[in-house]
1. Consider the operator that turns chain A into chain B: which A residue has a Cβ nearest its axis, and what is that gap in Å?
2. How large is ³J(HN,Hα) for each residue in the range A:102-111, as worked out from phi by the Karplus curve 6.51 cos²θ - 1.76 cosθ + 1.60 (θ = phi - 60°), to whole Hz, x for Gly and Pro?
3. Hey, got the average number of other protein chain Cβ atoms within 10 angstrom for residues in B:80-89?
4. Tell me the distances, shortest first, between A:Gln2 and the same position across the other copies, using label points 7 Å along Cα→Cβ, in nm to one decimal.
5. Looking at A:Pro14, A:Val32, A:Gln55, which one has the Cα that reaches farthest to the positive end of the dipole of the range A:1-55 (charges on Cβ: Lys, Arg +1; Asp, Glu -1)?
6. What gaps in nm, shortest first, separate A:Pro28 from its twins in the other copies when you place the label 7 Å past Cα toward the beta carbon?
7. Taking each residue of B:141-149 in turn, how many C-beta atoms of other protein chains fall within 10 Å of its C-beta, and what is the average?
8. What average number of partner chain Cβ atoms lie no more than 10 Å from the Cβ of the residues making up A:104-113?
There are 2 protein chains.
Amino acid sequence: MQLKELSDATGTSPASIKYYLREGLLPPGESVHATRASYSDRHVKRLNLIRALRQIVQLPIEQIRSILVLADDGVPHLTLLAHVQRVVLKLGTEGGEVARTSAADAVVRLRNWPDVDSDARDALNRHISLMEGLGIGLPPDLLDQYSSAVDSIAGFDLAATTEGKDTDSVILTAAVGMHMHSELMLKLLALAQASHAIRRLDDRQMPP
Amino acid sequence: MQLKELSDATGTSPASIKYYLREGLLPPGESVHATRASYSDRHVKRLNLIRALRQIVQLPIEQIRSILVLADDGVPHLTLLAHVQRVVLKLGTEGGEVARTSAADAVVRLRNWPDVDSDARDALNRHISLMEGLGIGLPPDLLDQYSSAVDSIAGFDLAATTEGKDTDSVILTAAVGMHMHSELMLKLLALAQASHAIRRLDDRQMPP
DNA sequence: TCTACTGGATAGTGGCTCTATCTTAGAGCT
DNA sequence: AGCTCTAAGATAGAGCCACTATCCAGTAGA
């Protein structure tokens, strides 16, 4: 398979493919000779992964590269998934100490999750502090409800993520899955808010 | 108050303020004479709103403008909130017909939300279809759990959003709140996934 | 009057993701 | 063998976005 075919197979312009090659996201094809290189199914898979991370999850090239480098280093999936999380959650950009809210810790105990330090946990703690700082109140049982919901999805999701797939698929499922669930939540919340708003505001404007 | 003071009061560079003025996000100050204009508290509020929408919610200038135009037109808050949702949910970019999944409709009935067509509902339907198309499975009761959680938050949130505030504050609370809840969800999900992953993958790698 | 600073207009910057062009060289057909 | 077509590789440029720096002119305060 040569570049043009790779392009056709993935719907990516040859120019973009060349760009990804230059950036080291896509390994070079096997060079047949000076003016012909051949690409394999692995390239198709990899390219699809890159495109999904760019277009759906909207990760910048640099971060996609950081994920792929790990994947190609053959690190354990657990390590890889942790890194994918770090990237999708946009951690590492915001430095600083971990907040002293222990809301996340409470959730961990409640859900009986393994009590391990993790970036996700720090991120959650930091985020809750941030919301408090912004004066966005969290009803007391909200975290319970949320965490119950995500707890049930996580097992389900992870099964799909890890069941004997190749590394590229694991990344894709994990990153795209996280993104999609978060968007799902956003849209559900919007619908809920719209519904409540209609009830509350419409009544005011046109009383019975 | 002149430009420099406005800058100090909001931590925004004078150059950026000028830019927002040019873009019509910020109404011009009252022109005292050719080389002096005076800005009011309204400008401080507006500027803080703009900054929050840029830096926290990360909306592009163009969309911020579309929100502010509506706000200044004095449309009803319900209309305004609907538009804010549309922008935060990134609707309107993806054209096309509404999917035929009626998952969102089921949720609406279950939650006893007013059965009104809305962009949020269309967005939810479209998103669920998209996830199905990507092969991201949703456990049967997941939407119930999610929607139960967001239902309880929406009322709570909306009370904070609408209680006798000026329009700029309503926008800020709504947009920032939506964004923050969605991020919260993302981080909770990450933590849940990390926890499940540790249980599942760690055991494999180092059996007891 | 002179200086310092302001407001206003215009042009430029930097980061990012591509995209277009140019050159060289082998492939396949006749 | 010769001719054309297209690929690969390298380099430079485009286009978008959110600023930011520069320039000019006018006025306030010393």
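Each reported figure results from applying straightforward, stated rules to the coordinates on display, with no laboratory input. Because the structure is a prediction, the values reported are computed rather than measured. Cβ coordinates were reconstructed from backbone atoms using ideal geometry, including for glycine residues, and neighbour counts include every protein chain displayed.
1. A:Met185, 2
2. Rounded to whole hertz, the list is 10, 4, 5, 4, 4, 4, 4, 5, 4, 7.
3. Working: counts 0, 6, 5, 0, 2, 8, 1, 0, 3, 6.
Whole-number average of other-chain Cβ neighbours for B:80-89 is 3.
4. 6.8
5. Result: A:Gln55.
6. The projected label point of A:Pro28 is separated from its counterparts by 5.9 nm.
7. Taking the mean over all residues of the peptide, I get 6.
8. Working: counts 3, 0, 0, 4, 3, 0, 0, 4, 1, 7.
Mean number of neighbouring Cβ atoms from other chains: 2.
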